[in-house]
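Peer 1: Take a look at the following structure, please.
Bear in mind these aren't lab numbers, they're just calculated from the coordinates by the rules spelled out. All of these numbers come straight from a predicted model, not from anything done at the bench. FYI the Cβ positions are ideal-geometry reconstructions off the backbone, even for glycines, and counts take in every protein chain you see.
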Ligand code: SAH
Ligand code: SF4
Ligand code: F3S
């Protein structure tokens, strides 16, 4: 931690201390929308609120402070947010509630304008670059009852040392880089998260070593484009994987998301060499058509994507892939869509996260010609889904009768006599077993497959 960071942390400590005079018996609730990066930010927000003296509430309706950590990757998120804000309007008075709005949506001007105009009871608006300032803003509100809107346009610095309250006891989220430089033509993220900034290797490695001491066996490295991580003095994402692999106690390392254009041979070698690195790779395809990929500004073709998959397969034993696909991008023809189906069949993804293209204000694709009618978008989505389900089922068959190490996460949500966990390949496995196995890795023989999970028995 450098001097500047230390000063920031000390400032925050003062805020935490002062806040405690105001927060006795007060509770908070965080509503997190969006991706794992937002989940990780919410964990930091929770950590800061608890240091201020707030306790976690069981629902937003009973809380004295509600934080919305928003996402705007697709259109429907806005309706969800404004609906929920509307619901809280009447309860707000009764609970003397403070409402805070943060996350990617608050970086959008039209959202802030709408909040100012139609939701004046929102007390604090903060952005993605200044979550560390939230305690100060809340304290200001508690002390002087002032409404605060503070959203930064400039990229925030990388702030280390914020307190954190993790949600998941099995897998810890570790953000390694912020922002995105890629400007895929459909995507809002570069506008809401700013340019790429990487954390220092030593800060990441210390955090993970500490997680291992706390008993975490699994970590997930996060960034919009993890393989463009820049650690300084030539230190790359591959170096980071190798150094994390050396940390004792960390058995499973996942990462999300790499960009196919930045997938170097060195990263492939590191994945192959490092036992702890999960051999299921999330490799976002977006489209299988070289024409559409060009319009999307993805910087690879269908052939380059397939060649990358073949290269990774030849070097990394037992590797498999998951992916993200957008259907109905402007200009996508039937033959472009068939290219996507073709890539899906050739690769045989274990899982596909499918999205119908959604217009985002201010992006290049918004202004493109030939937007696809909704009925065609849905028809293509359904065809892709049918193929994807079929593939997942086929992929799952290969696990039957194999013995898999499974990290046991807890009881199944639908049946408490059944335990649930995940294989090193991230497959959900349900099996009957005693509760003292929770948190441990056990060998399970897979006996059947059910599209979304595998069933097994402890051996
Ligand atoms: N940085 C990651 C993805 C982040 S967003 C990457 O490049 O892969 C997660 C996924 O949301 C994207 O992979 C994409 O499939 C989808 N997505 C992003 N913008 C979208 C839009 N405007 N409409 C539909 N899906 C979108
Ligand atoms: Fe969006 Fe593309 Fe950046 Fe991913 S790489 S966050 S899809 S702009
Ligand atoms: Fe959403 Fe922002 Fe993540 S737009 S997907 S929360 S980076």
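Peer 1: With N set to the residue count of region 73-129, report its C-alpha Rg divided by 2.2 N^0.38 Å to two decimal places.
Peer 2: 1.11
Peer 1: State the antiparallel share, in %, of DSSP beta bridges confined to region 112-240, rounding to the nearest 5.
Peer 2: 20
Peer 1: If you don't mind, another one. Give the separation of the Cα centroids, region 289-368 to region 164-187, in Å.
Peer 2: 21
Peer 1: OK, next. What number, in percent, do you get for the relative contact order of the chain if the mean sequence gap of Cα pairs under 8 Å and at least 6 apart is divided by its residue count?
Peer 2: Reported relative contact order: 9 percent.
Peer 1: If you restrict to DSSP beta bridges whose two residues both lie in the chain, what percentage is antiparallel, to the nearest 5?
Peer 2: Within the chain, antiparallel bridges account for around 35 percent of the total.
Peer 1: Continuing with this model, one more query. Taking every DSSP beta bridge with both residues inside region 168-278, roughly what % is antiparallel (nearest 5)?
Peer 2: Among the beta bridges of region 168-278, antiparallel pairing accounts for roughly 15 percent.
Peer 1: For the chain, find the longest principal axis of its Cα atoms and tell me its angle to the long axis of helix 374-397, 0 to 90°, nearest 10.
Peer 2: Orientation of helix 374-397: about 60 degrees from the principal axis.
Peer 1: Cα convex hull of region 403-458: how many Å³ per residue?
Peer 2: Per-residue hull volume (Cα only) is 68 Å³.
Peer 1: Sorted from largest down, give the three principal axis spans of the alpha carbons of the chain, whole angstrom values.
Peer 2: Here the spans come out as 62, 57, 50 Å, largest first.
Peer 1: Dividing the convex hull volume of the Cα atoms of region 280-397 by its residue count, what figure in Å³ per residue is obtained?
Peer 2: 94
Peer 1: Related question: Taking Cα atoms of region 63-202, Rg/Rh with Kirkwood Rh, to two decimals?
Peer 2: Using Cα coordinates only, the ratio equals 0.97.
Peer 1: Same structure again: Write down, largest first, the equivalent ellipsoid semi-axes of region 168-278 in whole Å, where each equals the square root of 5 times an eigenvalue of the alpha-carbon gyration tensor.
Peer 2: 23, 16, 13
Peer 1: Once both axes come from the Cα atoms, what is the angle between helix 36-52 and the longest principal axis of the chain, in degrees from 0 to 90, rounded to 10?
Peer 2: That works out to roughly 30 degrees.
Peer 1: Using Cα pairs closer than 8 Å and at least 6 residues apart in sequence, work out the relative contact order for region 280-397, in percent.
Peer 2: Relative contact order here is 29 percent.
Peer 1: Could you give me the radius of gyration and the Dmax of region 24-65, taking only the C-alpha atoms into account and expressing both in angstrom?
Peer 2: For region 24-65, the Cα radius of gyration and maximum Cα-Cα distance read 10.5, 32 Å.
Peer 1: What percentage of all Cα-Cα pairs in region 211-354 are separated by more than 21 Å?
Peer 2: The answer is 45 percent, as a whole percent.
Peer 1: Relative to the longest principal Cα axis of the chain, at what angle does helix 334-347 sit, 0 to 90 degrees, rounded to 10?
Peer 2: Approximately 80 degrees, to the nearest ten.
Peer 1: Continuing with the same structure: Express in whole angstrom the spacing between the alpha-carbon centres of region 20-76 and region 213-270.
Peer 2: Each part's Cα centre sits 28 Å from the other's.
Peer 1: Mind ordering 105-111, 383-389 by average Cβ neighbours within 10 Å, highest first?
Peer 2: Going by the mean number of other Cβ atoms within 10 Å, highest first, we get 105-111, 383-389.
Peer 1: Can you give the Rg to Rh ratio of region 3-150, both from alpha-carbon atoms, with Rh computed by the Kirkwood formula?
Peer 2: A ratio of 0.94.
Peer 1: Tell me the volume per residue, in Å³, of the convex hull enclosing the alpha carbons of region 328-448.
Peer 2: Residue-normalised Cα hull volume stands at 151 Å³.
Peer 1: Binned at 10 Å from 0, what are the whole-percent values of the Cα-Cα distance distribution for region 123-165, short to long?
Peer 2: The percentages, shortest bin first, are 27, 50, 23.
Peer 1: Here's something else I'd like to know. Take 28, 300, 121 and order them by how many other Cβ atoms sit within 10 Å, fewest up front.
Peer 2: 121, 300, 28
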